[in-house]
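Scroll down for the structure; my scribbles are underneath it.
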Amino acid sequence: MSQDLSETPRRPAPLPSTAAIVVAAGKGLRAGQPLPKQFARWRGKPVLRHSVEALSSAGAAPILVVIPQGAETIAADALAGIPGVQFTNGGETRQESVRLGLEVLVASEPDLVLVHDAARPILPSAVIERLLDALVEKPGAIPVLPVADSLAHAEHADGLEVMGAPARREDLRRVQTPQAFRFPEILAAHRAWEGPTTAGDDAQVAQVAGLQIVLVEGDEALHKLTYASDFASTAPPIRVGTGYDVHRLEAGEELWLCGVRIDHTHGLSGHSDADVAIHALVDAMLGAVGRGDIGQHFPPSDPQWKGAASDRFLAHAGKLVAEAGYALGNADVTIICEAPKIGPHRDGMRARLAEILGVDPSLISVKATTTEKLGFTGRSEGIACQAAVSLIRL
């Protein structure tokens, strides 16, 4: 019996493999730090770690970090625990450092490669997606931003720098990294590079080799840390936030409080697992760093959060706190209900909240009170919770 080939299902094309190179071989002297700026702490962690974590989360593998001679130990400490990270030493120029990195990646045979400067720590995932999407049509893509200020060429007269001809800002763009390329093409371009001695970035190397580079939308968050002022913090040493939440008690629902499942006749009803204590704590942490409330980050209208475990919300809030340059000073959670009794579960709740946030349980307080049978909590119609946090600047 002959087979109808029109009915044969097609196998989906395999996704292209994407590697990354993070250029971290510079001295970073202008930043005024006691060590190269890529290893200095910024917003709670080494500068280098921020972007490497973002690339890892985006699925880049391997991630090759190009470092200065003798920096193996400090680089390994800065990136401890991130899977798929490799190291190699850089060259005399940025272009040479990238070429050396590309040569190391030859053995991995990636389809695509992202080349990023370590001094740009905040790397939005949306920028990575736009870059990789652009490589479907063209061999290279770079993130750019428009120029807002008026521009002029500088000329010299009588020992002074004077204004020359104006430049059309409409035709100019600010170039950022990461820059994305099809791996074979950018490798060939770097191997063929003959000058000038230095290249401003990899897009210039690619363009000289005849590759067409697509411009995609960048992000102001990709700001490059260059000067000592970039590391100086004007943020207050302590910030505080409060949160409050209520959920209805209903038969047939599971009861989750502070990330702990409790056996009870009724559970809390909500779009997620309705953990009223975690929701209040998340709001307190988001409020302390000025990042809105839980509904803005995890809207109940979004079906992906239906039944979701609230520990994901709390972990996200903890990440935003760290990105803002703060650590948890303490958290105080007060659960308001007639039943169940919270006392037998208090230590487990403290331990679970501390585990999610990666802090010592001594920083977490969980307590409970009743309303003496007054109001909706007194009638056991629902459970309320209020939370307060303090954050300490790192």
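Worth a mention:
- Looking at Leu363, Leu374, just one residue is surrounded by fewer than 16 Cβ atoms within 10 Å (Cβ to Cβ) and more than 20 Å from Glu254 (Cα to Cα), and that residue is Leu374.
- Candidate set from the range 141-171 (those that are of a type outside the set (A, V, I, L, M, F, W, C) and touching a Gly at 6+ places or on another chain (Cβ under 6 Å)); member that is modelled with the lowest pLDDT: His153
- Pair list, Cβ < 7 Å and 6+ apart or interchain, from the range 136-156 residues that are charged (D, E, K, R) to residues that are in a loop (DSSP other than H, G, I, E, B) and modelled with pLDDT of 95 or more: Lys138/Gln212
- Test result for His279, in a helix (DSSP H, G or I), in the same structural domain as Gly252 (by TED's automatic domain parsing), closer than 24 Å to Ala54 by Cα and within 24 Å of the chain's Cα centre (by Cα): no
- Odd one out for Lys319, checked against (1) modelled with pLDDT of 95 or more; (2) in a helix (DSSP H, G or I): (1)
- Filtering the range 211-237 to residues that are modelled with pLDDT of 95 or more and not polar (S, T, N, Q) leaves Leu211, Ile213, Val214, Leu215, Val216, Glu217, Gly218.
- Where strands (runs of 3 or more DSSP E) sit wholly within the range 172-271, those with at least 1 residues that are under 30 Å from Ala107 (Cα atoms) and of a type in the set (Phe, Trp, Tyr) occupy 179-182.
- Residue pairs whose Cβ atoms lie under 9 Å apart, sitting 6 or more positions apart in sequence or on different chains, and linking a residue in the range 322-343 that is assigned by TED's automatic domain parsing to the domain that holds Glu355 and over 20 Å from Val366 (Cβ atoms) to a partner that is crowded, with 16+ Cβ neighbours inside 10 Å and among the small types (Gly, Ala, Ser), are Ala322/Gly44; Glu323/Gly44; Ala324/Gly44; Ala324/Ala288; Gly325/Gly44; Tyr326/Gly44; Tyr326/Ala288.
- Odd one out for Pro124 among (1) farther than 17 Å from Phe181 by Cα; (2) touching a residue at least 60 places away in the same chain (Cβ under 8 Å); (3) surrounded by 19 or more Cβ atoms within 10 Å (Cβ to Cβ); (4) of a type outside the set (D, E, K, R): (3)
The values are calculated or read from the model by the stated rules, or taken from the named source; none is laboratory data. Everything numeric in this text was worked out from a predicted model, so none of it was measured. Note: ideal-geometry Cβ built from the backbone for every residue, glycine included; neighbour counts use all protein chains shown.
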